[in-house]
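Asker: Next up is a structure, given as structure tokens.
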Amino acid sequence: MVNTTVQVADSSERRVVLMIADGLRPDALALMPGLSAALRLGTWFEAHEAVFPSVTLANACSIVTGCLPARHGIDGNVLLVEENGERRRLRPGRHGARERLAAIRGGSALLRPTLSALTAPLGTPVVMSDSVPAGVTGASVGPIQLLDTNRHGFTFHPLGCFGPGGGALQNHRFLAGVDPARTSDLADAFARRVVVDPEVPFALLWLSEPDFASHRFPLGSPPWRAALAGADAVIATVAEAVAPAVERGDVLLLICSDHGMETVRDRHSLDAALRNAGFAPEIDAGAACLLPNGSSASIAVDALDERRRAAMTDALHCLPWVAKVLEPAEMIALGAAAPDSARIGLLCRKHPGDSGFGFPGVTDTVEDFPAPGSDYTNFGNHGGLGLYERRATLLAAGEGFMPAGRSATPTSVVDIAPTALAHLGLPGGSFDGKPLQGLADLA
Ligand SMILES: [Zn+2]
């Protein structure tokens with residue numbers, strides 16, 4: 001049954017407000033009074049899931065494009081690209097990756113249009129992000145350069161603010177008195193200025209917590225809870241700001257996450273394991289390209305013949321920490337590899353137990369290559385198909401969603417973009433997801 005208690009809005013007043021809390025597990029809800037209060041506005045999707053691999057960049061791009069990773073082109077934390085005639089590994093979260101990928105791909109880092117591009121005919125979309133928390137320096141800037149990759153709207157971020165077309169902004173009414181490096185400032189501007197602006201058809205706020213804390217503290221530990229509380233306070237502020245417009249039917253409010261989180265027990269070197277199995281020549285020649293994604297990995301084997309591919313599959317099956325090997329056809333079917341590619345995937349083994357603070361789900365992970373990267377042992381990580389890493393959060397509030405409702409229908413991050421466009425009355429385009437308004441069990 002479709003909820004019909006909301007007043008149908010004039011289409012010109014319709015807007016979409018999307019908040020993404022990076023790495024928010026839905027079972028953290030019990031610790032979130034702000035999100036709990038917002039449940040009265042809409043429907044809580046109990047079986048919402050990330051796409052594979054369950055890493056941030058792949059899922060962030062699936063949220064804003066409505067497409068699986070193989071179609072939008074960001075199929076993991078590390079991409080295999082052909083640049084200047086050479087096969088190279090490229091990290092799409094690194095500073096400058098947007099421009100590099102756009103050059104490689106003939107103009108756009110993403111292969112599919114984003115929600116900002118799709119909603120720009122209705123006004124000026126806004127993307128705000130604290131994806132590099134204040135005081136943190138490093139090469140990774142998270143998904144911010146990809147969320148509105150071709151800059152159809154405004155982008156506000158600690159590293160820079162840009163207007164439509166890409167020009168750097170010094171002053172804008174949304175930014176008055178705002179320090180973009182402070183999450184609380186960004187959230188305040190988002191709640192007080194952006195989500196109430198009729199000229200903004202699509203407003204996205206990306207929160208880097210609780211993901212950032214999850215990689216540094218045990219899930220459920222006091223510092224993790226403090227970070228979660230910060231994200232929850234922002235969610236509460238924004239939900240309160242848009243609640244009247246949601247109840248009028250003008251605004252569709254979507255509060256979600258890109259993936260879940262599991263606790264890391266051990267990590268393993270895929271590079272060392274494959275070298276031990278006799279694949280050093282192929283690795284050194286770039287014919288076998290290792291692409292680690294936390295608790296999963298992808299290996300590009302296009303340049304290997306059938307015999308060597310089979311030998312590699314056998315070698316992976318023999319590793320005690322590998323729970324499952326995905327054949328190239330399975331990787332394509334999952335939307336994690338392009339139809340013309342040959343990728344072997346692997347999923348790390350799981351363990352019983354919890355984080356030590358009551359959050360179940362324990363996994364092994366793949367050490368990054370060639371740099372060892374961060375060690376998340378005893379902390380959170382994700383990337384595979386484990387229940388607690390692929391289970392993500394979604395609350396949808398507005399026309400077509402039952403207030404205080406619950407849905408057990410399986411949904412995916414790729415459903416968010418088509419749901420947003422359906423609210424705005426825009427043509428659907430070519431999505432891998434589906435609009436969620438009026439699902440049969442929304443009653
Ligand atoms: Zn994430």
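Asker: Starting from region 46-67, keep only residues that are more than 17 Å from residue 338 (Cβ to Cβ), then list their pairs with residues that are of a type in the set (Phe, Trp, Tyr) and more than 14 Å from the ligand (Cβ to nearest atom) whose Cβ atoms are within a distance under 7 Å, requiring at least 6 positions of separation or different chains.
Answerer: Listed pairs, sorted by first residue: 66/431.
Asker: Also: When you scan region 109-119, do you find a residue that is free of Cβ contacts under 8 Å to residues at least 60 places away in the same chain, aliphatic (A, V, I, L, M), assigned to a loop (DSSP other than H, G, I, E, B) and surrounded by fewer than 16 Cβ atoms within 10 Å (Cβ to Cβ), even just one?
Answerer: Within region 109-119, none of the residues are free of Cβ contacts under 8 Å to residues at least 60 places away in the same chain, aliphatic (A, V, I, L, M), assigned to a loop (DSSP other than H, G, I, E, B) and surrounded by fewer than 16 Cβ atoms within 10 Å (Cβ to Cβ).
Asker: Identify all residues within region 331-362 that are surrounded by fewer than 16 Cβ atoms within 10 Å (Cβ to Cβ) and either farther than 17 Å from residue 378 by Cβ or of a type in the set (Val, Ile, Thr) (or both); write none if there are none.
Answerer: 333, 339, 340
Asker: Tally up the residues in region 142-189 that are hydroxyl-bearing (Ser, Thr, Tyr), touching a strand residue (DSSP E or B) at 6+ places or on another chain (Cβ under 9 Å) and more than 16 Å from the ligand (Cβ to nearest atom), please. Write out each step before concluding.
Answerer: The initial filter retains those residues of region 142-189 that are hydroxyl-bearing (Ser, Thr, Tyr), namely 149, 155, 183-184.
Now drop any that are not touching a strand residue (DSSP E or B) at 6+ places or on another chain (Cβ under 9 Å), which leaves 155, 183.
Next, from what is left, pick out any that are more than 16 Å from the ligand (Cβ to nearest atom): 155.
The total comes to 1.
Asker: Can you give me the number of residues within region 278-302 that are of a type in the set (Val, Ile, Thr), out of contact with any helix residue (DSSP H, G or I) (no Cβ under 6 Å at 6 or more places or on another chain) and in a loop (DSSP other than H, G, I, E, B)?
Answerer: Number of matching residues: 0.
Asker: Here is a follow-up. Inside region 414-426, can you point out the residues that are over 22 Å from residue 73 (Cβ atoms) and touching a helix residue (DSSP H, G or I) at 6+ places or on another chain (Cβ under 9 Å)?
Answerer: Scanning region 414-426 gives 424, 425, 426.
Asker: Within region 13-27, how many residues turn out to be of a type in the set (A, V, I, L, M, F, W, C) and within 11 Å of the ligand (Cβ to nearest atom)?
Answerer: Initial filter on region 13-27 (of a type in the set (A, V, I, L, M, F, W, C)): 16-21, 24.
Checking which are within 11 Å of the ligand (Cβ to nearest atom) leaves us with 20-21, 24.
Total satisfying the criteria: 3.
Asker: Here's a follow-up. Looking at region 121-149, which of its residues are surrounded by fewer than 20 Cβ atoms within 10 Å (Cβ to Cβ) and either at pLDDT 95 or above or not polar (S, T, N, Q) (or both)?
Answerer: Just the residues of region 121-149 that are surrounded by fewer than 20 Cβ atoms within 10 Å (Cβ to Cβ), to begin with: 121-124, 133-140.
The answer is 121, 122, 123, 124, 133, 134, 135, 136, 138, 139.
Asker: Something else: Answer yes if at least one residue in region 252-275 is part of a helix (DSSP H, G or I), within 16 Å of the ligand (Cβ to nearest atom) and either in contact with a His (Cβ under 9 Å, 6 or more places away or on another chain) or not small (Gly, Ala, Ser) (or both), and no otherwise.
Answerer: Of the residues in region 252-275, the ones part of a helix (DSSP H, G or I) are 270-275.
Next cut, within 16 Å of the ligand (Cβ to nearest atom) only: none.
No, the conditions are met nowhere in region 252-275.
Asker: In this structure, is residue 101 modelled with pLDDT of 95 or more, crowded, with 20+ Cβ neighbours inside 10 Å and more than 22 Å from residue 422 (Cα to Cα)?
Answerer: Details: modelled with pLDDT of 95 or more: yes; crowded, with 20+ Cβ neighbours inside 10 Å: yes; more than 22 Å from residue 422 (Cα to Cα): yes.
For residue 101, the condition - modelled with pLDDT of 95 or more, crowded, with 20+ Cβ neighbours inside 10 Å and more than 22 Å from residue 422 (Cα to Cα) - is met.
Asker: Select, from 395, 426, the only residue that is surrounded by fewer than 23 Cβ atoms within 10 Å (Cβ to Cβ) and either part of a loop (DSSP other than H, G, I, E, B) or within 21 Å of the chain's Cα centre (by Cα) (or both). It would help to see each step written out before you state the result.
Answerer: Values: 395 fails: surrounded by fewer than 23 Cβ atoms within 10 Å (Cβ to Cβ).
That would be 426, the only listed residue that is surrounded by fewer than 23 Cβ atoms within 10 Å (Cβ to Cβ) and either part of a loop (DSSP other than H, G, I, E, B) or within 21 Å of the chain's Cα centre (by Cα) (or both).
Asker: So, in region 57-90, exactly how many residues are within 16 Å of the ligand (Cβ to nearest atom) and more than 26 Å from residue 428 (Cβ to Cβ)?
Answerer: 3
Asker: Another question, if that's okay. Where residues in region 280-300 are free of Cβ contacts under 8 Å to residues at least 60 places away in the same chain and crowded, with 22+ Cβ neighbours inside 10 Å, which of them is farthest from residue 342 (Cα to Cα)?
Answerer: At the first step, the residues of region 280-300 found to be free of Cβ contacts under 8 Å to residues at least 60 places away in the same chain are 280-285, 287-288, 299.
Within this subset, residues satisfying the condition of being crowded, with 22+ Cβ neighbours inside 10 Å are 288, 299.
Working: 288: 10, 299: 8 Å.
Filtering first and then ranking leaves 288.
Asker: Considering only residues of region 79-96 that are of a type in the set (A, V, I, L, M, F, W, C) and closer than 15 Å to residue 341 by Cβ, which is surrounded by the fewest Cβ atoms within 10 Å (Cβ to Cβ)? Quick ask: steps written out before the conclusion?
Answerer: Within region 79-96, the subset of a type in the set (A, V, I, L, M, F, W, C) is 79-81, 90.
Right, trim to closer than 15 Å to residue 341 by Cβ and you get 79-81.
Working: 79: 22, 80: 20, 81: 16.
Out of the qualifying residues, it is 81.
The values are calculated or read from the model by the stated rules, or taken from the named source; none is laboratory data. Keep in mind the model is a prediction, meaning the values are calculated, not measured. All Cβ positions, even for glycine, are placed from backbone atoms using ideal geometry, and neighbour counts span all protein chains on display.
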